[in-house]
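To keep things clear, I will list the structure first and then write my remarks on it.
Values quoted throughout were computed directly from the atomic coordinates according to the rules given, and no laboratory measurement underlies them. The shown structure was predicted, so the numbers you read here are calculated from the model rather than taken from an experiment. Cβ coordinates were reconstructed from backbone atoms using ideal geometry, including for glycine residues, and neighbour counts include every protein chain displayed.
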Amino acid sequence: MTTTGTDIVELDRIAVHESLRVLARAEATDWERDTPCAGWTLRALVAHMTAQHRGFAAAARGAGHEEAHWREPADTADPGRTYREAASAVLDAFAEPGVTEREFVLPELGGPFPGRRAVGFHFVDYVVHAWDVAATLGVRLELPGAVLDAAVAVARRVPTDPALRGPGFAFAPARDVPAGADALDEALRLLGRDPEAWPLPGR
């Protein structure tokens, strides 16, 4: 259980489904839009998100050390479909009994890690990536307060070693968090995003 009293696998499921919901808003003309991830179009971001789902699914089953599972898809002609398939794969892997008690090898984060912590990293990654997509498309992000509170708690524990932050890694270097920042803004800043540069509608 997390500090919010909600199981981390359920929190992760909510975040992944929100990423699916916002990405479903993408039109054919949106794939070359810039995103909050510097240098990445929406197409490139979704390719990365797809690879991460596949890699974490493999890690849940003891194969995280195999580089092939972390490679971005070679065919990006239909990124939405490929992403949906990868999301289904990781949700199925995380739903297996005992997944949080396993050991995950996560090359980008310098693992191995206990399963519960590894699922937590995936969870916070997809809170942030759901925001990335929502910000790119200019749509609302709909995540419950308990999910955002849990995301902050996990974000505070993500390694801040500069050797594990920046291009090629899951997160950019952390930004300063101003006094009074809400849970979403704090989580985003801790993980290197700039919410002021990419305001969401309705916030």
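Values computed for the structure shown
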{"item": "Correct choice for volume of the Cα convex hull per residue in Å³ that was computed from the model, options (1) 145; (2) 108; (3) 119", "result": "(2)"}
{"item": "For the chain: relative contact order, % (alpha-carbon pairs under 8 angstrom, 6 or more apart)", "result": "24"}
{"item": "Given charges at beta-carbon only (K, R positive; D, E negative), |dipole| of the range 1-141 in Debye", "result": "200"}
{"item": "Cβ charges +1 (Lys, Arg) and -1 (Asp, Glu), total dipole of the range 50-203, debye", "result": "160"}
{"item": "Loop GluC sites (Glu not before Pro), the range 35-97 (other Cβ atoms within 10 Å of the site Cβ: 14 or fewer; DSSP)", "result": "Glu66"}
{"item": "Coordinate range along principal axes, alpha carbons of the range 96-152, Å, largest first", "result": "37, 24, 21"}
